[in-house]
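Trainee: Here it is, the structure in full.
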Amino acid sequence: MTKKITIEPVTRVEGHGKVTIYLDDNGNVVQSRLHIVEFRGFERFVQGRPYWEAPVLVQRLCGICPVSHHLAAAKAMDVIVGAGTGDGLTLTGEKMRRLMHYGQIFQSHVLHFFHLASPDLLFGIDADPAIRNIIGVAMKFKDIAVQGVMMRKFGQEIIEVTAGKKIHGTGAIPGGINKNLSIEERDRFLYGPDPMNVDKMISWSLDAVNFFKDYHKKHRELIDTFAAFPSNHLSLVRKDGAMDLYDGVIRAIDTDGKKILHDVDPQDYLKYIAEEVKNWSYMKFPYLVEYGKKDGWYRVGPLARLNTADFIPSPLAQKEFEEFKAYTNGKPNNMSMHMHWARLIETLHAAEMMKELLNDPDLQKDDLVIKGTRVNEGVGMLEAPRGTLFHHYRVNENDQITMANLIVSTTNNNEPMNIAVRCVADSMISGQKEITEGMLNAVEVAIRAYDPCLSCATHALGKMPLEVSLYDSKNNLIDKKRT
Amino acid sequence: MSEKIKFTIDDKECFAEKGQNVLDAATDNGIFIPALCHIRGVKPAGACRLCNVKIAGRLMTACTTPVESGMEIENDIPEIQDLRLAIIEMLFVEGNHFCPACEKSGNCELQALAYRYQMMVPRFPYEFPVKEIDASCPKLIIDHNRCILCKRCIRSFKDENGKNIFAFKKRGHKLQINIDEKLSANLSDEMAQKAMDICPVGAIIHKGKGFDEPIGTRKYDKVPIGSDIESVV
């Protein structure tokens, strides 16, 4: 008799997903899948709209990291209005966008670590679900919960002064930005009362990195072996190899650190990356064309970025980066739970970059937009909090969008998340006589490490709304249990 | 000097020039009566019906009704307010008004009225009509999804040579604004912006200008529609 376990919905991730695990007669896992069960359709209904609407329209994909879509679409439109890529914008235009982006990275990473992931670390994967949530954290670890809330607020307010609104702003427009940063706005962040200033944010980010390192020392086996598997890694890097979350060239490395995609221009991404469709999920499976569907899949996100980058261009984060790299002797880090470590180092980097930008007088200048010769096609790429984000548009002579292709960060991590689920299912569920809630949460912990944004935010608090269904070999439901 | 006449709106004593319409007279007395089709100085059309007021127990459009001496007008009463809200709701459900991605958001009079009248969920079902976008003009886009057929553009916009470039085409529920392809091809940027500004919604869009006005500086970001009129007296 085949047994089917369904985890639906997967909780403490952004969006709706479910996991199915099939067991054979002996309780061994024969198949496991992460299904994305929602359908959005943005690529279709953006067609026919004027191109300058795209950055504002497409960001509605998400309420957690809309800035990523806003900026990726704006970058594609920069190409279309002839402003070029990357440093083609005015200094104020590019730096305002960078500030917006680092505010976004900061708040999103903080949200994930403090609100979504920390309950698993602070209480344990198999702790009572009634306390294993952000409310439980707020009750027992008040300081950590408050830090998480205040750090997120800081990032959101950076977004507000650059994009116009904390969520779904309009700041980035084709060829630049629609506002600069006033001295008053700047001083709020540089010299705001404790804790709402950028120095405190850097200090708290450093504390968070140290918290994780301490946790790692105490739980080395869990952090180093849980859902660890070899993979390729892909991200943007600056042309000199530095980590750059806003702009750069595409680099991919294999599991040994060998470059398999050599710093190519994002405008040419279609030459190197393709997507496979599978009939059991609305999420596609991207892969490197040269290596095929079987071997060409890759990981994106904080772990991949720390693996592909040669260095981080901010001093405190660079110091942490060196320690991170030393842990694997300079080789790529393939441990899923180290994603948290990498994410917190990036949080520190984002805080340092915000400080650098806030001190930059270019943000007070008035040269906001640049335009050149209009073309009909553009690609905008950046490193969103969850990984590499691709936006590709074609526009007709009447300024209407005729084609849009979006490969979002979580899509890039589709295969890795499925493999992570399989790793955990094999190691923790296979052959067990009894399937506990803790075991099923372990599957979710593996998915959560990738901070997937399955669409707009949806969070289940309190008792995990987990439904387990048992099917016989003819797919008849024989038992159903809701915890 | 023209003759002044006396009348009341909601029992408030008001004065007007003889021959003025009720809407303009109310405005001059610091009383806001909403309208989406009316432009002062342009012959009223009574198209949007939002300016309905009650005179001697009858509903009358304020823009097309001349004010008379001793007239007693009811404006800010629950019946009228609900009627106006219903009309706003109808305008929303009859078109495809997606404020989140509309560049007129913050400057849109329909959106501003929906806020002022606290529209939540429309009482009517959404029609989600299939509408087209006419983007063939080099300077303008006509987005029929957002057009409320108020005729402001037809009645008040002329190109540099004094010629009308907007007109109605088709009939009944298929009625839509048409833009003269040849004449509109020569519009200057300044005139294209003027056409966009005349439109109370986001149906006429000046190409390539989208979202260049930051949130916080748009017309209705800080104050509700009508507050400029109400603050005068």
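Trainee: Counting only other chains, what is the mean number of Cβ atoms within 10 angstrom of the Cβ of each residue in peptide B:204-210?
Mentor: Mean partner shielding for this stretch: 5.
Trainee: Cross-link candidates for A:Lys213: which lysines have Cα within less than 21 Å, leaving aside residues fewer than 8 places away along the same chain?
Mentor: A:Lys140, A:Lys142, A:Lys200, A:Lys319, A:Lys325, A:Lys331
Trainee: Which lysines have a Cα less than 29 Å from the Cα of B:Lys4, not counting those fewer than 8 places away in the same chain?
Mentor: Those lysines meeting the cut-off are B:Lys12, B:Lys18, B:Lys43, B:Lys54.
Trainee: Please give, to one decimal in nm, the separation of the simple spin-label points placed at B:Asp189 and B:Lys219, each 7 Å out from Cα toward the Cβ.
Mentor: Going by the 7 Å Cα→Cβ label model, 2.1 nm.
Trainee: Could you work out how far apart the two model spin labels at A:Asp310 and A:Glu275 are, taking each label as a point 7 Å from the Cα in the direction of the beta carbon, and quote it in nm?
Mentor: Label-label distance for A:Asp310 and A:Glu275, simple model: 3.2 nm.
Trainee: Let me ask something additional. Using the number of other C-beta atoms within 10 angstrom as an exposure proxy, rank A:Tyr246, A:Tyr51 with the fewest first.
Mentor: A:Tyr246, A:Tyr51
Trainee: Take every residue in peptide B:213-224, count the Cβ atoms of other chains within 10 Å of its Cβ, and give the average of those counts.
Mentor: Other-chain Cβ atoms within 10 Å of each residue's Cβ, averaged: 3.
Trainee: In addition: Report ³J(HN,Hα) in whole Hz for each residue of segment A:348-358, in order, from the Karplus equation J = 6.51 cos²θ - 1.76 cosθ + 1.60 where θ = phi - 60°; Gly and Pro get x.
Mentor: 5, 4, 4, 5, 5, 5, 4, 5, 4, 5, 4
Trainee: Choose one answer from B:Ile77, B:Ile88, B:Ile39: the residue with the largest mean-square fluctuation in a GNM of chain B with alpha-carbon springs under 10 Å.
Mentor: B:Ile77
Trainee: Let me ask something else about it. Using a 4.7 Å cut-off between beta carbons, which cysteines in chain B end up with no partner cysteine at all?
Mentor: Singleton cysteines: B:Cys14, B:Cys51, B:Cys63, B:Cys99, B:Cys102, B:Cys108, B:Cys137, B:Cys147, B:Cys153, B:Cys199.
Trainee: Of all the stretches in chain A, which is the longest one without any exposed loop site, taking GluC sites (Glu not before Pro) in a DSSP loop (any state but H, G, I, E, B) with at most 10 other Cβ atoms within 10 Å?
Mentor: A:1-396
Trainee: Now, a different point. Which whole-angstrom value gives the distance between the alpha carbon centres of segment A:174-193 and segment A:316-345?
Mentor: 32
Trainee: Which residues does a label at A:Gln432 reach in segment A:126-157, if reach means a backbone N under 16 Å from a point 7 Å past the Cα toward the Cβ?
Mentor: Under cut-off, by backbone N: A:126-129.
Trainee: Please give the FRET efficiency for A:Thr225 paired with A:Asn359, using the beta carbon to beta carbon distance and R0 = 56 Å, rounded to the nearest 0.05.
Mentor: 0.85
Trainee: A:Arg299's amide H: which non-local residues (gap 5+, or another chain) put their own amide H closer than 5 Å, with H modeled 1.01 Å from N in plane and none for Pro or chain starts?
Mentor: So A:Arg299 has HN proximity to A:Asn232, A:His233, A:Leu234.
Trainee: Going by Cα centres, segment B:157-207 and segment B:56-121 are how many Å apart?
Mentor: That distance is 24 Å.
Trainee: Another question about this same structure. Exposure proxy check: A:Tyr272, B:Tyr126, A:Tyr22 ranked by fewest other beta carbons within 10 Å?
Mentor: B:Tyr126, A:Tyr22, A:Tyr272
Trainee: Check each of the trypsin sites (Lys or Arg not before Pro) in segment A:24-54 and keep only those in coil by DSSP with at most 11 other C-beta atoms within 10 angstrom; list them in order.
Mentor: Here no trypsin sites (Lys or Arg not before Pro) fit, given the DSSP loop and packing criteria.
Trainee: Something else about it: Using the 2.2 N^0.38 Å rule of thumb for compact globular proteins, work out how the protein assembly as shown stacks up: its C-alpha Rg over that value, please.
Mentor: 1.09
Trainee: Hey, which lysines would be in cross-link range of B:Lys163, C-alpha to C-alpha under 16 Å, not counting anything within fewer than 8 residues on its own chain?
Mentor: Counting by Cα, and skipping residues close in sequence, B:Lys163 has these lysines nearby: B:Lys151, B:Lys182, B:Lys194.
Trainee: List A:Tyr287, A:Tyr393, A:Tyr327 from most exposed to least, where exposure is judged by having the fewest other Cβ atoms within 10 Å.
Mentor: A:Tyr327, A:Tyr287, A:Tyr393
Trainee: Using DSSP to define loop residues, name the trypsin sites (Lys or Arg not before Pro) in segment A:384-453 whose beta-carbon has at most 13 other beta-carbon atoms within 10 Å.
Mentor: Here the sparse-neighbourhood loop sites are A:Lys433.
Trainee: State the antiparallel share, in %, of DSSP beta bridges confined to segment B:4-76, rounding to the nearest 5.
Mentor: So the antiparallel bridges in segment B:4-76 amount to around 85 percent.
Read the figures in this text as sums done on the coordinates, not as results from a lab. What you see is a predicted model; the values in this text were computed from it and never measured. Note that we place each Cβ from the backbone using ideal geometry, even for glycine, and neighbour counts take in every protein chain shown.
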